[in-house]
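Participant: Handing you this structure, nothing more for now.
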Ligand SMILES: [Zn+2]
């Protein structure tokens with residue numbers, strides 16, 4: 001049976017406690033954002049609680065610097081190397097990263113692609129798969145995916161696909177390289193012609209307009225057999241303020257189980 005995973009959303013609750021509750025609720029896997037000084041400990045606590053650490057998510061605030069050549073570029077590159085080392089040392093085989101932040105990154109360029117390639121070559125030596133996640137501007141993500149075809153892969157964020165690039169069938173393009181999932185819901189593109197992060201609501205599954213049947217079919221048709229990983233945010237937790245944190249996790253888990261049944265059913269068709 002496929003595992004079910006979640007990230008550690010909910011900033012008003014200590015992370016160590018969140019990990020315990022995630023396990024108690026029934027989740028099999030967990031992932032979290034990289035934080036210098038804290039990640040080793042979170043990995044250890046997760047494993048001590050019987051959770052598999054599916055991936056680490058790289059910070060993305062400065063990622064546009066990969067397309068430039070500034071002091072920020074060097075410091076972000078060094079940070080990525082430290083994160084790769086952290087994953088490698090802890091035996092976490094997947095590192096999720098973005099290729100842009102916001103709607104106006106610098107244009108795609110050769111120096112940027114060469115930088116991605118150098119980082120990916122290093123990660124491969126360290127047995128860490130970089131999983132590139134789809135975001136707003138398609139050309140950057142697409143260029144990196146085309147340039148780096150070996151060993152590394154795709155993190156399908158179905159919510160981003162719905163509210164940023166609904167015209168692109170990401171799974172038709174990249175499902176053969178799928179290594180990671182970020183599942184969540186939203187209301188689609190609410191401001192046509194002005195697409196931005198405001199639509200990326202990370203709502204609970206089945207609360208928005210995502211076609212979960214279609215999503216299940218896409219996953220079932222792929223070779224991906226990893227966990228069904230849900231990515232919620234502090235916004236999601238805030239929108240569930242009528243629930244305790246425990247109830248929030250229980251609701252998220254029940255919906256994840258429902259989705260797993262849909263994937264299992266789609267596999268029989
Ligand atoms: Zn995501």
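Participant: Of the residues in the stretch 20-46, how many are surrounded by 15 or more Cβ atoms within 10 Å (Cβ to Cβ) and assigned to a loop (DSSP other than H, G, I, E, B)? Full working, then the answer.
Facilitator: Going residue by residue through the stretch 20-46, those that are surrounded by 15 or more Cβ atoms within 10 Å (Cβ to Cβ) are 20-23, 25, 27-34, 39, 42-43, 45-46.
Checking which are assigned to a loop (DSSP other than H, G, I, E, B) leaves us with 27-28, 34.
Total satisfying the criteria: 3.
Participant: Further, regarding this structure: Exactly one of these conditions fails for residue 220: (1) away from the ligand (no atom under 14 Å from the Cβ); (2) surrounded by fewer than 21 Cβ atoms within 10 Å (Cβ to Cβ); (3) under 17 Å from the mean Cα position of the chain (by Cα). Give me its number.
Facilitator: Only one criterion is unmet by residue 220, namely (3).
Residue-wise test of (1) surrounded by fewer than 17 Cβ atoms within 10 Å (Cβ to Cβ); (2) modelled with pLDDT of 95 or more; (3) on the phi > 0 side of the Ramachandran plot.
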site: 162; (1), (2), (3): no, yes, no
site: 171; (1), (2), (3): no, yes, no
site: 177; (1), (2), (3): no, yes, no
site: 183; (1), (2), (3): no, yes, no
site: 194; (1), (2), (3): yes, no, no
site: 199; (1), (2), (3): no, no, no
site: 206; (1), (2), (3): yes, yes, yes
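Participant: Follow-up. If a residue must be in contact with a strand residue (DSSP E or B) (Cβ under 9 Å, 6 or more places away or on another chain) and either more than 16 Å from the ligand (Cβ to nearest atom) or closer than 15 Å to residue 111 by Cβ (or both), how many such residues does the stretch 64-96 contain?
Facilitator: Our first condition is that a residue be in contact with a strand residue (DSSP E or B) (Cβ under 9 Å, 6 or more places away or on another chain); within the stretch 64-96, this holds for 80, 83-84, 86-87, 90-96.
With either more than 16 Å from the ligand (Cβ to nearest atom) or closer than 15 Å to residue 111 by Cβ (or both) added as a condition, the list becomes 80, 83-84, 86-87, 90-93.
Adding up the residues that qualify gives 9.
Participant: Considering each residue of the stretch 48-61, count those that are in contact with a helix residue (DSSP H, G or I) (Cβ under 9 Å, 6 or more places away or on another chain) and surrounded by 15 or more Cβ atoms within 10 Å (Cβ to Cβ), and give that number.
Facilitator: The qualifying residues number 8.
Participant: Condition (residue is more than 14 Å from the ligand (Cβ to nearest atom), touching a residue at least 40 places away in the same chain (Cβ under 8 Å) and within 22 Å of residue 5 (Cα to Cα)) applied to the stretch 151-170: is it met by at least one residue?
Facilitator: no
Participant: Quick check on this structure: which one of 173, 181 is within 16 Å of the ligand (Cβ to nearest atom) and within 29 Å of residue 9 (Cβ to Cβ)? Steps first, please.
Facilitator: Details: 173 fails: within 16 Å of the ligand (Cβ to nearest atom).
After applying the criteria, what remains is 181.
Participant: Which number in (1) under 28 Å from residue 250 (Cα atoms); (2) touching a helix residue (DSSP H, G or I) at 6+ places or on another chain (Cβ under 8 Å); (3) assigned to a helix (DSSP H, G or I) marks the one condition that residue 17 misses?
Facilitator: Every condition holds for residue 17 apart from (2).
Participant: Right, here's the next one. Please give the number of the condition residue 60 fails out of (1) in a loop (DSSP other than H, G, I, E, B); (2) within 17 Å of the chain's Cα centre (by Cα); (3) modelled with pLDDT of 95 or more.
Facilitator: Going through (1) in a loop (DSSP other than H, G, I, E, B); (2) within 17 Å of the chain's Cα centre (by Cα); (3) modelled with pLDDT of 95 or more one by one, residue 60 breaks only (3).
Participant: Answer yes if at least one residue in the stretch 103-121 is within 15 Å of the ligand (Cβ to nearest atom), out of contact with any strand residue (DSSP E or B) (no Cβ under 9 Å at 6 or more places or on another chain) and at pLDDT below 95, and no otherwise.
Facilitator: The first filter runs over the stretch 103-121 and keeps only residues within 15 Å of the ligand (Cβ to nearest atom), leaving none.
No, that holds for no residue.
The values are calculated or read from the model by the stated rules, or taken from the named source; none is laboratory data. This structure is a prediction, so every number in the text was calculated from the model and none was measured. Cβ sites come from the backbone with ideal geometry, for glycine too, and all protein chains shown count toward neighbours.
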